[in-house]
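Have a look at the structure below, then the notes.
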Amino acid sequence: MTDLTDKKPVFDKITKDLLAEVAELHQRPTGAYNIRLNGESADRNSTANVQIVSKEDVSGIDVIIAPGTVGESIHIPVVLSESGINEVVYNDFHIGEGADVLIVAGCGIHNGGAADSQHDGMHRFFVGKGARVRYVEKHYGAGDGSGKRLMNPHTVAELAEDSSMEMETVQIRGVDSTIRRTDAVLQAGSTLIVREKIMTHGQQLGETHFNVEMVGDGASCSVSSRSVAQDDSVQVFYSNIVGNAACSGHSECDGIIMDRAKISAIPEIVANHIDASLIHEAAIGKIAGEQILKLQTLGLTEQEAEAQIISGFLK
Amino acid sequence: MLELKDFCFTVEQDGQSKKILQNIDLKIPQGRFVVITGPNGGGKTTLAKSIMGIVQPTGGTIHYRGQDITELGITERAKLGISFAFQQPVRFKGLTVADLISLAAGKKLSTVQVCEYLSEVGLCARDYVDREVDAKLSGGELKRIEIAGILARGTELAIFDEPEAGIDLWSFNNLIEVFDGMRRRTDATIIVISHQERILAIADEIVVISGGQVVQQGPGAEVLPALLHADYKYTVCKGGMRND
């Protein structure tokens, strides 16, 4: 690996901090990567099995992963460190048959100015037969400017037969408004697992939409959201799981509500096949008093107990 | 070590005062294994919670190692070296067994260290370290993790509120071994709320609470035979099962 300062372009501290926060990148990664900085691709590397190519008609990239590629990781972080940038990015991932890869995305916005900064990312995954992909994305906002930090990620996944996709999406701090959509279509024998962790505070708004359609026998999905809403923030969770075949689906929304925040969970499960088995679970409530008491008996203060409970819940 | 003086706890119920604990005077010396027993509803759990500060008394004082702790909160008492094992252990979504044991120890423990505490309470450690302390664990498993947390704290005073409640016979046998081990290996004071003959049998001292008052107190060897006498009004549970 090369240190991020060793090779051009040289990233400033804000950029390096954001890269560390959203993609845990302290150095240039091995393998394929594309670092997008303030609306442009700032650095890129392709490998023999993973080609990263700029789109010609719109802003964004195609990531083409050769069939049978196993054990490679692809990093595609996005950083907005200048105030007032507003971008829509289209990234497509073509994951070849039998591949098994890790994709780490993530967007960090540092807004130190008065203008809003916004990143809308459309990520489409075409997961080939028998392929496996683990996709991790993290969203983070920082900066003390009055301009808002806005992110609207939209993930579309098309899972071919016997493929699987595991998606972890995390937004812990600093994003003023987000509408997060995940749409997936699952063919026979494919599996989708989505785990979302989200925390909102201040006046933030967070909206999550999960739409999963299982069209082949033996398909299965599990989508879950764990959320904490603090201060005056508002969260809305929509999930819609449709079973059109002999399949199984599970969606779960667990919310901790604090202060004057509001959380809504609006689940829908639709079985269009006699052998579709669908479950939804939702629970919203404040931190249980007995949990705080228990941690106090271990020597934690009420505030420390609360922080431990939240960090564990969102871990 | 621990001294309660004229200790009272009263609640308002249907517009009337109900005395849960009445003028309790109790001294527990350092290093003793004390079992508090008595009929259900007699005030045992309230007394145990009062020592931890979970319940605040409406009268009287409580001194711990010479310090008046009556007005201290739970956290402060915990920091002074008091531990409390809940009758119904609390569940946490997200916190793992390793997290909880580390919090109990007051420092980040290695997997090996966490495993040692879990092994002491009879849990096959590797299977549990990374599991969440949530509803997926059985009552018996939670109970043992609760006790492992007390072992990890290693405090001078440990209070166990009905540790036998909700556990199977195998876990119960293991529990007796854990208590025996604790009293042999440490100089800690252990207070156990229990109905069980086998726990009462290893007590240095037995305190019988009924109707919110101490009705009997003395060395285990003297008090237990009286409790087991057929004419005694309160039934002690034999073996590993509750029969009261």
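Computed from the coordinates by the stated procedures, all read-outs in this text should not be read as laboratory data. Here the structure is a predicted model, which is why all the values come from computation and not from measurement. Here the Cβ is made from the backbone with ideal geometry for all residues, glycine too, and neighbour counts use every protein chain on show.
A few comments on the model shown:
- Dipole magnitude for the protein assembly as shown: computed about the Cα centre from +1 point charges on Lys and Arg Cβ and -1 point charges on Asp and Glu Cβ, it is near 1220 debye.
- Simple spin-label estimate for A:Lys55 and B:Gln113 gives 5.1 nm between the two label positions (7 Å along the Cα-to-Cβ direction from each Cα).
- Over the C-alpha trace of chain B, radius of gyration and Dmax come out as 17.8, 55 angstrom.
- Per-peptide average of other Cβ atoms within 10 Å, ordering B:93-99, B:126-132 highest first: B:93-99, B:126-132
- Using only the C-alpha atoms, the convex hull of chain A corresponds to 139 Å³ per residue.
- Its relative contact order, with pairs defined as Cα atoms under 8 Å and 6+ residues apart, puts chain A at 10 percent.
- For A:Arg134 and A:Lys13, the difference between the fully extended length at 0.36 nm per residue and the C-alpha to C-alpha distance is 40.7 nm.
- Note on the protein assembly as shown: the C-alpha convex hull projects to 31.1 nm² when averaged across all orientations.
- All C-alpha pair distances within the stretch A:176-289, sorted into 10 Å bins from zero, spread as 16, 43, 26, 13, 2 percent across the bins.
- Neighbour-count ranking [beta-carbon atoms within 10 angstrom, fewest first] of A:His201, A:His273: A:His273, A:His201
- Which of A:Ile284, A:Val228, A:Ala184, positive extreme of dipole for the stretch A:176-289 (C-beta unit charges): A:Val228
- Fewest-first ordering of A:Val194, A:Val212 by other beta carbons within 10 Å of each residue's beta carbon gives A:Val194, A:Val212.
- If you take all other residues with their beta carbon under 11 Å from the beta carbon of B:Ile190, and give Lys and Arg +1 and Asp and Glu -1, the sum is -3.
- Percentage relative contact order, the stretch A:176-289, counting C-alpha pairs under 8 Å, at least six apart: 24 percent
- Inter-chain Cβ neighbour average for residues B:77-87, partner chain, 10 Å: 3
- Relative to the globular-protein estimate of 2.2 N^0.38 Å, the Cα radius of gyration of the stretch B:97-221 stands at 1.11.
- The listed peptides B:41-51, B:25-35, B:197-207, ordered by packing as a protection proxy, come out as B:41-51, B:197-207, B:25-35 (highest mean of other Cβ atoms within 10 Å first).
- Across peptide B:52-60, the average count of Cβ atoms from other chains found within 10 Å of a residue's Cβ is 1.
- What you get for chain B, charging only the Cβ of Lys and Arg (+1) and of Asp and Glu (-1), is a dipole of about 280 debye around the Cα centre.
- DSSP-defined antiparallel bridges as percent of all bridges, the stretch A:1-156, nearest 5: 20 percent
- Dividing the summed -39500 (n - 2.57) terms of all DSSP H runs of n ≥ 4 by the residue count of the protein assembly as shown sets its mean residue ellipticity at 222 nm at -6000 deg cm²/dmol.
- Average Cα contact separation per residue, chain B, under 8 Å, 6 or more apart, as relative contact order %: 25 percent
- Cα-based shape type of the stretch B:185-227, given that a ≥ b ≥ c are square roots of the gyration tensor eigenvalues and the cut on a/c is 1.5: prolate
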